[in-house]
Structures are given as structure tokens and as C-alpha cells.
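Working notes, structure below.
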Amino acid sequence: MASILDHLFDTSFLDQSIDYLAEALDLAITVLDSEGTSVANRETEGRDTPASRTYPFSFSSDIGGIVCAAANQDRLDQAEPHILYCLAALNSQLVRETELQETTEEMLQLSSQLNFLFKVAKKIVGIDDLKKCYQIILDEISQTVKADQGFIHTKGRWEEEIRVTHRMTDEEVDATRNSICLKHTAAGSTIICAREDGASLLYSPIKEKDSQSGQMVFIRAFGHRAFSASEKQLVAIIENIISPTFETLRLYDSLQDLYLNTVKALAAAIDAKDEYTHGHSFRVAKYAMTIGGQLGLSNQQLNDLEIAGYMHDLGKIGISELILCKPGKLTREEFCLIQKHPVFTDKILQPIKLPAHILEGATQHHERMDGTGYPCGLTGANISLFGRIIAVADVFDALTSKRTYREALPVEEALRTLCEGIDSLFDREMILAFISALRLEQSKEALADINMGLRYDDIHNLNQFLIELKEFALAANRD
């Protein structure tokens with residue numbers, strides 16, 4: 001049986017609604033669950049209430065409703081507008097709390113996945129032995145899903161077979177691979193099945209491009225709890241992120257790509273919530289690296305800056321798509337919620353224990369030099385270097401990209417807008433570095449590689465415009 005009490009974090013408004021209907025309107029109120037059992041009520045003392053009506057809650061499943069009883073039908077008719085108003089408010093609270101619960105669960109799941117992948121990435125970065133890398137991945141997943149045994153069977157660098165095991169002999173691996181339940185499985189999907197001896201198997205394919213290159217199998221012996229749907233979902237998510245990287249490991253022996261590919265996949269998922277921000281995180285990361293390169297950052301710093309750029313909008317997973325995609329002007333409440341996305345980003349990334357400069361870059365890109373930014377109102381040098389870089393990259397891409405409320409601005413107009421905010425909104429040094437980078441040879445080609453849709457007022461005279469703009473930027477706001 002299910003009731004409204006199962007879906008309300010705070011039941012105070014329900015109690016207030018019941019009290020209002022009972023005391024102000026002289027009604028007997030009973031809250032029922034899905035099986036018609038009372039879970040809350042307010043009776044009228046010493047009065048008969050033979051006339052009653054049931055008002056079900058509006059929810060995705062049956063959670064019961066409210067029964068209102070009065071001395072007669074006329075009394076109920078008079079009270080019904082008040083009853084419907086209270087019911088609508090309760091239904092609205094149910095929707096809000098359901099959305100909040102779903103967002104919370106999504107953020108917790110995302111944080112858990114990121115934590116796992118970051119832990120694996122840290123362990124395998126710098127290891128030259130490909131087989132050892134697979135072993136670490138297998139052991140970490142086996143520990144996460146509490147498997148008794150497991151193995152990975154896939155390809156090596158030169159198409160040779162690689163097999164790594166977790167508490168298994170080669171003979172046991174061969175017997176499992178030949179078991180009936182795996183031979184009859186759909187090779188392209190993650191499944192749970194039972195082996196002939198009753199052991200629970202969790203199977204997941206390893207894919208490369210459009211083909212399957214291997215398999216991961218995890219085993220729980222007969223008598224132990226079978227694998228659950230949530231464990232299957234976790235392995236499927238891990239496989240979807242790790243499988244594309246296996247090919248990279250084989251071809252390039254570059255394990256850093258595992259982590260970066262994960263970050264890119266997550267950023268793409270966030271950008272996809274709004275059709276107008278498709279590719280936004282990619283472009284911001286690349287623009288930020290362009291600025292960082294001109295500032296003389298090291299390769300490791302540029303790599304960290306790229307990660308921060310990809311992660312800068314991660315917190316938008318906690319914002320409703322109705323708000324992100326709203327074509328008109330946001331209400332004050334909606335804009336306040338949008339302003340919380342750096343806070344959500346921080347909450348998602350904190351458990352991973354990223355280096356501070358990456359976390360600061362991902363969460364401070366809306367801070368402004370004069371303190372008018374958010375979420376903390378930081379000023380000047382109190383804003384991290386990465387935060388000041390990504391702020392310029394983020395605004396430049398926003399200005400040069402189409403939005404629901406306007407067309408994309410030309411590059412020249414976007415740069416003028418940035419320069420108008422020198423020292424008040426944006427760090428002068430970051431803007432000068434961006435302008436200088438764009439003046440280098442092949443600058444147009446470099447920009448085109450990042451965003452093919454960029455428009456120009458006069459592309460043939462772009463370098464002359466940049467020279468004049470740099471002179472303006474050097475002189476701006478200086479007495």
C-alpha cells in the first residue's frame with residue numbers, strides 16, 4: 001500500500017490543510033492510502049457527517065486521496081472550492097518533492113560514478129602494462145559490485161587476446177564462457193543470468209566502435225545473493241564509459257584519456273538538456289585552453305584547465321529542463337535557481353577530491369571582478385586563475401551561439417562586449433591573452449575547429465580589428 005506520506009519529506013503543509021478544512025469549514029477529514037486505509041484524520045466532535053466525497057491525489061501511481069465529510073451535501077458544495085484549492089496545493093507539493101527526490105538520486109548516482117571512475121583513473125595513469133590496467137579495472141569493479149569472482153577477456157594492442165581474472169583459474173574462465181546462459185545471451189547488452197550450477201552471472205560486453213571486442217563477467221556463487229538490477233545498471237554505465245577507452249588504451253597506451261573521456265561524456269549529457277547549448281562545454285574548454293596557452297600554462301595545467309572547462313556546467317543536471325529551455329524571460333525565482341548550478345557542481349565534485357584549482361575553475365566562472373557575480377560574490381584576485389579564464393571563455397561562447405531569445409553575435413561584437421567589461425566583470429589579462437591568441441597565424445582556422453558556426457563582420461580584416469581592440473583593452477578603464 002502507498003500513501004501521500006511516503007512521498008512528502010515535510011508533512012507540515014498536509015497537516016495545515018487538514019486542520020484548515022476541519023476547523024474553518026467544519027468538515028471531517030480522512031486521508032486514505034491506496035488501499036483505503038486511514039493514515040491521518042480530523043473528526044468533528046459531536047456532529048454527524050453523513051455526506052462525503054473522495055478527492056484522489058494526482059500522482060503517477062495510486063497513493064489514495066482525501067475524504068471530506070459534512071452534515072449535508074449543500075455544506076460540501078460550499079466547501080468544495082476550498083477543498084480543491086488545498087488539493088491542488090498538495091498535488092503541486094508532490095510534484096516538487098518528486099522532482100527534488102529524482103534530482104537528488106541522480107546527483108548521488110552521478111557523484112558515485114564519478115568517484116569510482118576518478119579512483120580507477122588515478123590508479124592506472126602512468127602504467128605502461130596494458131594487462132595490468134585491465135586487472136586494476138576488473139578488481140575495482142569486482143569490489144564495487146561485491147563479486148566473488150570475475151574476468152575480462154578482450155583484445156590487446158596487436159589483436160592478441162588478453163585475459164585477466166579476479167579469484168578465478170583459466171579453467172573456470174573457459175567453463176564460464178561456455179556456459180549455456182552466456183552462449184544464448186544478446187551479446188550487445190548487459191544482463192544477469194544464472195549459470196548451470198546456480199551461480200549468478202553479471203555479463204557486460206566490451207565494445208569498440210560498432211563491434212564487440214570482449215566481455216566482462218562477474219560471478220556470485222550459488223547460495224549467495226543474486227546480482228541486483230541496480231548493480232546491473234551500474235556495470236552498464238561503467239561499460240558505456242570504459243568501452244570507448246579500451247580502444248584508446250590499445251592503440252595509444254594513453255590512460256589519461258579514460259578520465260577525460262568520462263568528463264566529456266558527462267558534459268555532453270548536460271549540454272544535451274538544452275538544444276541551444278549543444279557542444280557548449282567542448283567549446284568553452286577549448287577557448288579556455290586557447291587563453292591558457294597564451295598565458296604560458298604548462299601542459300599539465302592546460303590539461304587540468306580543459307577538465308575544469310568541461311565540468312563547468314555539471315551542476316545544471318540539478319536544474320529543470322523547463323527552466324533551461326524556457327524561451328522567454330526567466331522569473332526571479334527561476335534565475336535564482338539557475339544561479340545555484342555552480343553550487344550543485346561543487347556538491348557533485350566534492351566527493352571526488354579533485355585538485356582545488358580544477359574545482360575552483362568549474363565553480364567560479366560566474367564570479368565577476370567587481371563582486372557582482374555568483375555564487376560567492378568573489379572579487380579580483382580572490383577569483384581563481386581558472387575561474388577568470390573560464391569566465392571569459394564561457395561568455396564568449398554564449399555570445400557567439402544562438403539562443404532562444406536572440407541570434408548568435410559576430411565574433412567582433414562578442415569581443416567588444418567582453419572588452420566593455422574589462423576590470424569590472426572580466427580580468428583584463430585574460431581578455432588580452434584571448435585577443436593575442438586570435439591574432440596568431442591560422443587563428444581563423446583554430447576558431448573554426450572549435451565552432452564552425454562563428455560569424456564575422458569582416459573576416460578579411462579580423463587581424464586589424466584585433467590590433468585595434470587590443471589597444472582599446474590596454475587603455476580601457478585606466479585614468
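Only the coordinates and a few stated rules stand behind these numbers; no lab work does. Remember, it's a predicted structure, so these values are computed and weren't measured experimentally. Using ideal geometry, Cβ is built from the backbone for each residue, glycine included, and neighbour counts are taken over all protein chains shown.
Points to keep in mind about this one:
- Listed residues Ala40, His460, Ala221: farthest to the positive end of the dipole of the chain (Cβ charges): His460
- Residues Val39, Val235, ranked from the fewest to the most other C-beta atoms within 10 Å, line up as Val39, Val235.
- Sorted ascending by nearby beta carbons within 10 Å, beginning with the fewest, Tyr55, Tyr134 become Tyr55, Tyr134.
- Cα gyration tensor category, rounded, prolate or oblate, for segment 304-440 with a/c compared to 1.5: oblate
- Dimensions in Å of segment 128-243 - Rg and Dmax from alpha carbons: 13.2, 40
- Neighbour counts of C-beta atoms inside 10 Å place Ile323, Ile435 in the sequence Ile323, Ile435, starting with the fewest.
- Segment 257-475: relative contact order as a whole-number percent, Cα under 8 Å and 6+ apart: 19
- Put simply, the amide H of Glu208, placed in the peptide plane, has neighbours under 5 Å in Ser213, leaving out anything fewer than 5 places away on its chain.
- Relative contact order %, the chain, counting alpha carbon pairs below 8 Å whose residues are six or more apart: 9
- Cβ-isolated cysteines (cut-off 4.7 Å), the chain: Cys68, Cys86, Cys133, Cys325, Cys336, Cys376, Cys419
- Debye log10 I(q)/I(0) for the chain, one point scatterer per Cα, at q = 0.08, 0.11 Å⁻¹: -0.69, -1.00
- Cα lying deepest toward the dipole's positive end in segment 1-103, options Leu5, Cys86, Ser60, charges on Cβ: Cys86
- This model, with +1 at the C-beta of Lys and Arg and -1 at the C-beta of Asp and Glu, gives segment 128-243 a dipole about its Cα centre of some 340 debye.
- Estimated [θ] at 222 nm from DSSP helical runs (n ≥ 4, -39500 (n - 2.57)) normalised by residues in the chain, nearest 500: -16500 deg cm²/dmol
- Dipole magnitude for segment 4-98: computed about the Cα centre from +1 point charges on Lys and Arg Cβ and -1 point charges on Asp and Glu Cβ, it is near 180 debye.
- Lys/Arg +1, Asp/Glu -1 at C-beta; the chain dipole; positive extreme among Val235, His366, Cys133: Cys133
- Packing, taken as the mean count of other beta carbons within 10 Å per residue, orders the peptides 190-197, 326-333, 451-458, 217-224 from highest to lowest as 217-224, 190-197, 451-458, 326-333.
- Student exercise, the chain dipole from Lys, Arg, Asp, Glu Cβ charges, in Debye to nearest 20: 1080
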